[in-house]
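The values are calculated or read from the model by the stated rules, or taken from the named source; none is laboratory data. Just so you know, these numbers come straight off a predicted model, no measurement behind them. All Cβ positions, glycine included, derive from the backbone under ideal geometry; neighbour counts span all protein chains shown. Note: areas computed on protein heavy atoms with side chains; ligands, DNA, RNA excluded. Shrake-Rupley method; radii C 1.70, N 1.55, O 1.52, S 1.80 Å.
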Amino acid sequence: TSVGFAPGSQLMALRAFLDVPSRAHAVLSERTVEVCLSKHCTKRGSLRTLELLQAMAPDGTVVVVADCSDTEHGCFDECTMGPNVRVGGNIVNGVKGPNACADLLGVDVPADLADA
């Protein structure tokens with residue numbers, strides 16, 4: 001499911017979610033961010049998104065490769081809008097680059113990643 005927020009407010013809503021433990025993902029972590037690594041998202045930079053999110057994740061937040069094995073296409077089915085990330089069951093499209101990753105996590109971009 002995509003989040004139906006205006007651009008910008010979508011990230012604010014997900015930041016608010018990150019402050020509340022997710023029961024659905026409690027087995028993995030109190031806060032889990034899943035990155036799609038399907039071929040379409042990978043072509044759009046999801047491997048780099050995964051690396052950036054893992055490097056910036058605050059304590060208590062786990063960044064993992066999304067398990068989409070139960071879906072028809074093995075992904076979030078929003079390929080044209082990737083890289084796609086799922087947080088608390090909500091999919092965020094186009095998470096690419098240090099600024100977008102930092103916004104999603106609600107953190108500042110570290111100086112060593114600012115130009116990455």
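Considering each residue of segment 93-111, count those that are of a type outside the set (D, E, K, R) and more than 16 Å from Gln54 (Cβ to Cβ), and give that number.
Of the residues in segment 93-111, 4 are of a type outside the set (D, E, K, R) and more than 16 Å from Gln54 (Cβ to Cβ).
Which ones in segment 77-96 are open to solvent by less than 20 Å² (accessible area, probe 1.4 Å) and not β-branched (Val, Ile, Thr)?
Within segment 77-96, Gly82, Pro83, Asn84 meet the criteria.
Can you work out which of the residues in segment 32-64 that are under 22 Å from Asp112 (Cα atoms) and of a type in the set (Ser, Thr, Tyr) is surrounded by the fewest Cβ atoms within 10 Å (Cβ to Cβ)?
Here the residue is Thr61.
Quick one: what pairs do we get from segment 80-109, first residue in contact (Cβ under 8 Å) with a residue 24 or more places away in the chain, second open to solvent by less than 30 Å² (accessible area, probe 1.4 Å) and charged (D, E, K, R), C-beta under 9 Å, 6+ apart or different chains?
Every condition considered, the pairs that remain are Asn84/Glu78; Val85/Glu34; Arg86/Glu34; Val87/Glu34; Ile91/Glu78; Asn93/Glu78.
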